[in-house]
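A.B. asks: Could you have a look at this structure, given as structure tokens, before my questions?
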């Protein structure tokens, strides 16, 4: 049976240094954002599985906040597991993030809370 608070469990996994996804046992499909029932089927036979973290940038945009804050990117990443997540790519200037860029997930910190971030694979800054 799935946890009644899947979002809190997701963040607890991140806090422990693990990037986990939910998967339906019946269909074998992973999904994101955490929830109590699988999308489309409503199955509640959910389990947490480790994510590979490997993905490809599906889309990217540059956010340009007022100075002194620096511009940053917001990306949608398609993971190998077949799910799409929203995050940021770090380690390169925002302009260097391109659609189709291979990336690898890592857990970072923001405001003293764990967050999912991505680093480019095979790209030098």
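A.B. asks: Mean-square fluctuation check for the chain, GNM, Cα pairs under 10 Å: which of 95, 81, 47 is largest?
C.D. replies: 95
A.B. asks: Still on this structure, I have one more. Taking every DSSP beta bridge that has both residues in the chain, what percent is antiparallel when rounded to the nearest 5?
C.D. replies: Working: 30 of 31 bridges.
Beta bridges within the chain, antiparallel portion: roughly 95 percent.
A.B. asks: Once you place label points 7 Å from the Cα toward the Cβ at residue 7 and residue 44, how far apart are they in nm?
C.D. replies: About 2.0 nm separates the two model spin labels.
A.B. asks: Same structure, new question: Roughly how tilted is helix 6-15, in degrees to the nearest 10 and between 0 and 90, from the longest Cα axis of the chain?
C.D. replies: That works out to roughly 50 degrees.
A.B. asks: A further question on this structure: Add -39500 (n - 2.57) for each DSSP H run of 4 or more in the chain, then divide by its residues: what number comes out at 222 nm, to the nearest 500 deg cm²/dmol? Walk me through the numbers before you get to the answer.
C.D. replies: Numbers: 1 runs with 10 residues, N = 125.
Per the formula, -2500 deg cm²/dmol.
A.B. asks: Multiply the residue separation of residue 80 and residue 33 by 0.36 nm, subtract the distance between their alpha-carbon atoms, and state the gained length in nm to one decimal.
C.D. replies: 15.4 nm
The numbers here are math on the coordinates, done by the rules we state, and not lab data. Predicted model, so just to flag it, every value in this text is computed and none were measured. We place every Cβ from the backbone using ideal geometry, glycine too, and count neighbours over all the protein chains shown.
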